[in-house]
Amino acid sequence: MKLLLLVLTVTLLLAQVTPVMKCWRKLGKCRTTCKGKEEFYILCKNQFKCCVNPKYIPVKLNFSNTEGSLRLTSTV
């Protein structure tokens, strides 16, 4: 009976773990620090970093007034 009570308690505690908040079209996760190959892209609503896999980050266009042309830069 004690074992059953212990298992039930642990199961209830694990079920109450807060879910990870999604960001960037549900391709990123809000965290305090990014893990592994993830990159910080934008801030989440709760001031955490939105960590996104680099393959989902869009290509940035750099506008250059001195050269008078567009330069395409990949963030991957």
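Here, each number is a calculation from the coordinates, and none is a lab measurement. Fair warning: this is a prediction, and the values are worked out from it, not measured in the lab.
By a straight-distance test (C-alpha under 29 Å), which lysines pair with K29 as possible cross-link partners, with residues fewer than eight away in the same chain excluded?
By straight Cα distance, K29 reaches K37, K45, K49, K55, K60.
Using 0.36 nm times the number of residues separating L5 and T33, minus their current alpha carbon distance, what extension gain do you get?
Gain on stretching L5 to T33: 6.5 nm.
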